[in-house]
Amino acid sequence: MEDYIVSARKYRPVTFDSVVGQKALTTTLKNAISSGKLANTYLFCGPRGVGKTTCARIFAKTINCTNRGADGEACGECESCKSFNEELRSYNVFELDAASNNSVDDIRNLTEQVRIPPMNGKYKVYIIDEVHMLSQAAFNAFLKTLEEPPKYAIFILATTEKHKIIPTILSRCQIYDFGRISNKDIIEHLQSVAQKEGVTAEKEALAVIAEKSDGGMRDALSIFDQVVSFTGGQVTYQKTIENLNVIDYDYYFRFTDMFLEKRIPESMVLLNDILSKGFDGSHLISGLMLHLRNLLVSRDACTLPLLEVSDEMRERYKAQAAKCSPRFLYRALKICNDCDLNYRISKNKRLLVELTLIQAAQADEDDDSSGRKPKRLHPIFKTIAATTKAAPATAAPKATAKPVTAQTVQQPAPQPVRKNTVPTLNGSIFTSIYGGRTAGRPDQLHGRQTVQVIDQEQHPAKPLTLDALQNAWNEFAATLPRQDTPLKNRMINCHPTVKSDTEFTAMAGNAMMADEIRQAQERILSFIRERFSNPAITMEIEIDQSRNVEHLLTREEQYDKMKKENPALIELESVFGLELR
Ligand SMILES: [Zn+2]
């Protein structure tokens, strides 16, 4: 470990073939040199640390090599190569960092040198790094040289911000776009460096470094150096995350399990744990997004290789992915992504993250698949218990079987059996139990009487007043999740009125509004019944003729109507995460 040389310098590639992760590009450059088809000006674009300057130097060295190999690489031994290797820059190669030398004078110095032909070798190569930093005047001064360059001069301009290069320059350049280096390539390269340095490194640790370096090899190598010196040459996963202040993968596995099992309180505690360690909420969310992405990738054997982790970790991802539906993963990803987008502008960041965790724990709900949902079990159970108490055998609630007119949208007519199957919004079968319908069947009633009494004692029915009803109604609307925004708007625009102690009517502005509320009737009613501890409450939906606003649709209503007429809109909306503003 003594005399440790910065790896990014020590292992800087000196041949095209040793450049990591830019194969297509280096092959093209090599072929151009071999065939002698050289341009005067090249523009190398791409993020920092992906090999732009390195390739420019290799290019400069290779075109001046007098003894190029059959493979198109510089020999490394001829006079030119030697001078290049020794000083990193020979007399024929000039480098200008435009970030710090961006004045007209700097460019004039350079263009004056351009006039002098090379003393030896064929080409003089000018590498201008961060060329977008040149001042406007410097750009203009440079443009003249670019327009009529001497044959022996080759310019290689490098930039991280291609869009800042003026078109007159762009049009004179042969452009090479350097991409981010894949994590896989970075991990492999780090492994080879570790091996050469006699450093042991766990693959998971290198994966963390690769992730942190965001596709830049230079950053990856300097992070690697940092971790090596911190760990004394034993690069373990635990020490790496400690040094780099990275949240342990394990947390993401635990969060995902909590989401799946709807253990919301525990997820709050876990969040607190992470925040108290000094991590930022946004790190957690972006880490969660990556984790969910990894789970998505793990679901399919053909995408599994995209997961750049050890075999052991891969099995772990695979096992958790098997528990997640694609729907859950898409939705949870979307929820986290929304949080990520809103994080910066949020005034209460912790609350935002907490809400995100709560929503993620509900991402699997309202599943389209048929069958009874576990979530429903609880309210149903309460209804059974409460139902019988409020419905003495002699006094079944007033029959709600009114004639259905065009204006009256009614609750589905109850059947004189215990269970009614009611088709709901998503076409699945929702099994519900209505109060009082068992009145004529004392045999059934008897068995449940005891439950009823207990419930009655704990929750006496509250009177159904207009104020209390309006409050409960608004409360339900307020707690609706984002995807239920249309329903929320309907409910806000729809005023419930009390008809009797156990009856209320929702007055809808038009048929479409009524229709939407009817689709959510089960949910609303079950909430209201619970809120008033009175399962005998029934709900009707009527169209308010006095507010005949069918032709005056709000923007949301117009949009909803469009969606009904053209379902492709719904898909468009969900694919791009659009919302009406
Ligand atoms: Zn050579």
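We did not get these values from a lab; they are worked out from the coordinates using the rules stated. Since we're looking at a predicted model, the values are computed, not measured. Neighbour counts run over all protein chains shown; Cβ positions are idealised from the backbone, glycine included.
Things to note:
- Extension gain from Leu38 to Ser282, taking 0.36 nm per residue of separation minus the Cα-Cα distance: 83.1 nm
- Expected-Rg normalisation [2.2 N^0.38 Å, Cα atoms] applied to the stretch 1-97: 1.09
- Residues His495, His291 arranged by fewest to most Cβ contacts within 10 Å: His495, His291
- The calculated FRET efficiency for Glu266 paired with Asn67, based on their beta-carbon distance and R0 = 56 Å, is about 0.25.
- For the stretch 249-361, the alpha-carbon radius of gyration amounts to 1.04 times the rule-of-thumb value 2.2 N^0.38 Å expected for a compact globular protein.
- Under 13 Å of direct C-alpha separation, and excluding same-chain neighbours fewer than eight residues apart, Lys262 reaches these aspartates and glutamates: Asp364, Glu365.
- Whole-angstrom gap from the stretch 494-527 to the stretch 265-339, using each part's C-alpha centre: 40 Å
- The stretch 22-177 pair-distance distribution - Cα-Cα, 10 Å bins, rounded %: 11, 42, 37, 10, 0
- Normalised by residue count, the stretch 179-290 yields a Cα convex hull volume of 103 Å³ per residue.
- GluC sites (Glu not before Pro) restricted to DSSP loop in the stretch 241-305 with at most 14 other C-beta within 10 Å: Glu261
- Computed log₁₀ I(q)/I(0) - Debye formula, equal Cα scatterers, no solvent, the stretch 118-210, q 0.15, 0.17, 0.20, 0.24 Å⁻¹: -0.74, -0.80, -0.92, -1.19
- With the simple spin-label model, which puts each label point 7 Å out from Cα in the Cβ direction, the Glu365 to Leu275 separation comes to 2.2 nm.
- Pair Ser229, Ala137: separation of 7 Å Cα→Cβ label points (nm): 4.1 nm
- Relative counts (whole %) of C-alpha pair distances in the stretch 124-169, using bins that are 5 Å wide: 5, 20, 31, 28, 12, 3
- Taking one quarter of the surface of the C-alpha convex hull of the stretch 1-46 gives a mean projected area of 4.7 nm².
- Applying Stokes-Einstein at 25 °C and 0.890 mPa s to the Kirkwood radius of the stretch 183-244, computed over alpha-carbon pairs, gives a translational diffusion coefficient of 226 µm² s⁻¹.
- FRET efficiency, Gln238 to Ala468 (Cβ-Cβ, R0 56 Å, nearest 0.05): 0.50
- Here Lys37 is the anchor, and the lysines within straight C-alpha reach of less than 26 Å, apart from those fewer than 8 places off in the same chain, are Lys23, Lys52, Lys61, Lys82, Lys122, Lys124, Lys144, Lys151, Lys162.
- One decimal place: the segment Lys122-Glu79 gains 14.2 nm when fully extended, by the rule 0.36 nm per residue minus the C-alpha distance.
- In straight-distance terms, cross-link reach from Lys462 covers every one of the lysines whose alpha-carbon lies under 18 Å from its own, apart from those fewer than eight places away in the same chain; here that gives Lys382, Lys389, Lys499.
- Note on Leu304/Glu556: beta-carbon distance plugged into 1/(1 + (r/R0)^6) with R0 of 45 Å gives a FRET efficiency of 0.60.
- Extension gain for Asn109 to Asp257 (0.36 nm times residue separation, less C-alpha to C-alpha distance): 46.9 nm.
- Under the simplified labelling scheme, the Tyr152-Asp17 pair shows an inter-label distance of 3.2 nm, with each label point 7 Å from Cα along Cα→Cβ.
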